[in-house]
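Student: First the structure, then my questions, so here it is.
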Number of protein chains: 2
Amino acid sequence: MPLSEFELIDRFFRGRGASRSDVRLGVGDDAALLECPPDRELVAAIDTLVEGAHFPAGSPAASVGHRALAVNLSDLAAMGAEPAWALLALTVPRADERWLEEFSRGLAALAKEFGVALVGGDTTRGPLCVTIQILGSVERDTALTRSGGAAEEALYVSGTPGDAAAGLQLELSRLEVPEARAARYLRDRFLFPAPRVALGRRLRGYASACIDVSDGLLGDAGKLARASGCGVELDYEILPVSRMLAEAVGPERARELALTGGDDYELLFSVPPSRVDALLRDLPVEQWRYARVGTLRREPGAVVTRNGSVIDFSHYGFDHFAAGR
Amino acid sequence: MPLSEFELIDRFFRGRGASRSDVRLGVGDDAALLECPPDRELVAAIDTLVEGAHFPAGSPAASVGHRALAVNLSDLAAMGAEPAWALLALTVPRADERWLEEFSRGLAALAKEFGVALVGGDTTRGPLCVTIQILGSVERDTALTRSGGAAEEALYVSGTPGDAAAGLQLELSRLEVPEARAARYLRDRFLFPAPRVALGRRLRGYASACIDVSDGLLGDAGKLARASGCGVELDYEILPVSRMLAEAVGPERARELALTGGDDYELLFSVPPSRVDALLRDLPVEQWRYARVGTLRREPGAVVTRNGSVIDFSHYGFDHFAAGR
């Protein structure tokens, strides 16, 4: 017997995320009722994953659930916000109980980790597509934005971009990595990205601008720079790449994937020269894992330099409509 | 040249809805920053429309934009809430500028009418699918829910359910209505539903429970009754149907469409006997256009009676997975 929409939400999503005392009414009515925290601003983002565009057909359901929430958590991380509640719009071709159970498990585990309550949902039938709307809050007037940067500020990125892009290539069988441990690490970086919420919270007061890296370092650095009314120069020589990635694809291809690969969900942020010492002192690099990648420049545009010369990249990050995949 | 994701959001959605002073940061960053109104609860809902499931392939783009917001406004109406902000997740097979312009026009017109600012969006490529997340607020402890009803309370519905279902049949060329004015009226009731936000706001203090009628009167009355821990009896003889609908399909079929058709986006609400006189006095029926349809009963389940006898319906409202269409 096919499951009804009512049963789907009830069985697989009600009460699965974190429990929060600020949820007055969660899943099950026409809308959710939530307590706004005082002296804070509400922060809202929405992101969609479409099968075949954002993840390969046949991806593990737990990964689809994890990533659908992770990409939204990453948006909140980039604002320096604290996540609170999520609503899910799930379109599935059929009510496959096993798939739904796994999807829900992946989503709920990450929701619990970040204290997010699932407060509403809509399930519809159609080609597989997951939209999550996330809500959180940030102390008044402290949110990070893309537009606060200025020329000559230092640019940093968290983690090691490029890993997830290699992981996707592995998932698509377009890359072979003989060493099992490295292959598993790279795959996991695509399948189960770790949103940098704690770092985003800590960067308030240090970073002048911040963006999450979802479309490749080069493209997203360009977006931050453009929003800040300047340009950006990335330094090829210092780009952080993981040892796993460098060994799997070689150091050159590793940096290319870091620059243009996408799906990293790391934070890219600018820091004024006057705040760099405080940043490095208060957020030790060994603990918070970030690295310098370049500098905001007065001249518009995004360039990569190597030993002082500008090098050319044929495509500038992932664009759903211009490039596709 | 194909449009990039960035240009899509910027060109077709930025600044298109209402302007609101409580939007600190709208479309264009990783997330929106919003001012929570003091002494109110936040109200959040999410709803998806999938081409071929919720509207016929080839539907007018302005109608798709209008309906995507209308179904969400209707959810807020059912809570007695005041809408404020919306985020859009739009999946389209290609960047068709004319379609996007029309879609945006339909969405923006309704957003302006209800004072809703469009504060965020995500555009992706894939099968046509529109998810809107709506946010609003309601004065603390005054929200309407589905669960407040009790046995022997009167049940009312706004407007004339069944029209939209006939309109959909017309759109699908499964129904012929010779009179052009009637055909146009019925089509418009499907293509451009009018969410009952003002009525929902006014019902606070009178209605004990409320739900929006999206899946047919019978199914949604059953949901309200179940959430309220009781049953419901709808009286076939008094079901309100429009003259247009009765003339187009005959009075019997008209009532069947009202009971099981769906897509009405009217409000169905229960009123305790002690509040009926006040309701009828303070919200004149001629102005607010609602009608009695039945009574909540102690016995669980949803039944339709005609001259005192229970009549049978083969299907109980639209269910995306059980029934499909």
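The values are calculated or read from the model by the stated rules, or taken from the named source; none is laboratory data. Predicted model, so just to flag it, every value in this text is computed and none were measured. No Cβ is skipped: glycine too gets one built from the backbone with ideal geometry, and neighbour counts run over all protein chains shown. Please note that ligands, DNA and RNA were not included when accessible areas were found on the heavy atoms of the full protein model with its side chains. Shrake-Rupley method; radii C 1.70, N 1.55, O 1.52, S 1.80 Å.
Student: Within the stretch B:153-174, work out how many residues are in contact (Cβ under 8 Å) with a residue 24 or more places away in the chain and either under 14 Å from the mean Cα position of the chain (by Cα) or surrounded by fewer than 18 Cβ atoms within 10 Å (Cβ to Cβ) (or both).
Tutor: Residues in the stretch B:153-174 being in contact (Cβ under 8 Å) with a residue 24 or more places away in the chain and either under 14 Å from the mean Cα position of the chain (by Cα) or surrounded by fewer than 18 Cβ atoms within 10 Å (Cβ to Cβ) (or both): 10 in total.
Student: Of the residues B:ALA77, B:ALA44, which single one is farther than 25 Å from A:ARG40 by Cβ and not assigned by TED's automatic domain parsing to the domain that holds B:ARG202?
Tutor: Step by step, each of B:ALA77, B:ALA44 is checked, and only B:ALA77 is farther than 25 Å from A:ARG40 by Cβ and not assigned by TED's automatic domain parsing to the domain that holds B:ARG202.
Student: Next question. Run B:GLU152 past the list (1) at negative phi; (2) in contact with a strand residue (DSSP E or B) (Cβ under 7 Å, 6 or more places away or on another chain); (3) away from chain A (no Cβ under 14 Å) and report the number of the one that doesn't hold.
Tutor: All conditions are met except number (1).
Student: Restricting attention to the stretch A:74-106, report how many residues are out of contact with any Phe, Trp or Tyr (no Cβ under 6 Å at 6 or more places or on another chain), within 11 Å of chain B (Cβ to nearest Cβ) and not acidic (Asp, Glu).
Tutor: The number of residues fulfilling the criteria is 17.
Student: Looking at (1) facing chain A (nearest Cβ under 10 Å); (2) surrounded by fewer than 24 Cβ atoms within 10 Å (Cβ to Cβ); (3) touching a residue at least 60 places away in the same chain (Cβ under 8 Å), find the lone condition where B:VAL27 falls short.
Tutor: B:VAL27 satisfies every listed condition except (1).
Student: Need pairs with beta-carbon distance below 9 Å; first residue assigned by TED's automatic domain parsing to the domain that holds B:VAL213 and closer than 21 Å to B:GLY262 by Cα and within the stretch B:299-317, second modelled with pLDDT under 90 and in a strand (DSSP E or B); sequence gap 6+ or separate chains.
Tutor: Within 9 Å, the pairs are B:VAL303/B:ILE311; B:VAL304/B:ILE311; B:THR305/B:ILE311.
Student: Which condition from (1) within 11 Å of chain B (Cβ to nearest Cβ); (2) out of contact with any Phe, Trp or Tyr (no Cβ under 8 Å at 6 or more places or on another chain); (3) of a type in the set (Ser, Thr, Tyr) is the one that A:SER228 breaks?
Tutor: All conditions pass for A:SER228, except number (1).
Student: Residue check: is B:LEU90 buried (at least 24 other Cβ atoms within 10 Å of the Cβ), within 21 Å of the chain's Cα centre (by Cα) and either at pLDDT 95 or above or closer than 18 Å to A:LEU135 by Cβ (or both)?
Tutor: No; evaluated as a whole, the condition is false for this residue.
Student: Residue under question is A:GLY261, and the condition is that it be over 22 Å from A:SER228 (Cα atoms), assigned by TED's automatic domain parsing to the domain that holds A:ARG204 and surrounded by fewer than 22 Cβ atoms within 10 Å (Cβ to Cβ); does it hold?
Tutor: no
Student: Any residue in the stretch B:89-100 that is part of a helix (DSSP H, G or I) sitting within a Cβ distance under 6 Å of a residue that is at pLDDT 90 or above? List the pairs, counting only those 6 or more apart or interchain.
Tutor: Note: pairs meeting the criteria are B:TRP99/B:ALA61.
Student: List the number of the failed condition for B:LEU118; all other conditions in (1) over 26 Å from B:TYR156 (Cα atoms); (2) surrounded by fewer than 24 Cβ atoms within 10 Å (Cβ to Cβ); (3) in contact with a helix residue (DSSP H, G or I) (Cβ under 8 Å, 6 or more places away or on another chain); (4) not charged (D, E, K, R) hold.
Tutor: Condition (2) is where B:LEU118 drops out.
Student: Would you confirm, using the coordinates I've provided, whether B:ARG243 is more than 14 Å from chain A (Cβ to nearest Cβ) and without any contact (Cβ under 8 Å) to a residue 12 or more places away in the chain?
Tutor: So B:ARG243 passes the test.
Student: Tell me which residues, restricted to the stretch A:175-205, are buried (at least 18 other Cβ atoms within 10 Å of the Cβ) and under 13 Å from A:MET79 (Cα atoms).
Tutor: Passing the criteria: A:PRO195, A:ARG196, A:VAL197, A:LEU199, A:GLY200, A:ARG201, A:LEU203.
Student: From the residues in the stretch B:206-220 that are open to solvent by less than 10 Å² (accessible area, probe 1.4 Å) and within 14 Å of another protein chain (Cβ to nearest Cβ), which one is modelled with the lowest pLDDT?
Tutor: So the residue we want is B:GLY216.
Student: Against the definition (crowded, with 22+ Cβ neighbours inside 10 Å and not charged (D, E, K, R)), how does B:GLY231 come out, yes or no?
Tutor: no
Student: Working carefully through the options A:SER274, A:SER242, A:SER270, find the one that is open to solvent by 30 Å² or more (accessible area, probe 1.4 Å) and among the hydroxyl-bearing types (Ser, Thr, Tyr).
Tutor: Within the list A:SER274, A:SER242, A:SER270, the selection yields A:SER274.
Student: Still on this structure, I have one more. Among all residue pairs at least 6 apart or on different chains, which show Cβ distances below 7 Å where the first residue, located in the stretch B:38-50, is among the acidic types (Asp, Glu) and the second is open to solvent by 10 Å² or more (accessible area, probe 1.4 Å) and outside any strand (DSSP E or B)?
Tutor: Here the result reads B:ASP39/B:ARG140; B:GLU41/B:ARG140; B:GLU41/B:ALA143; B:ASP47/B:ASP75, each pair linking the stretch B:38-50 to a residue that is open to solvent by 10 Å² or more (accessible area, probe 1.4 Å) and outside any strand (DSSP E or B).
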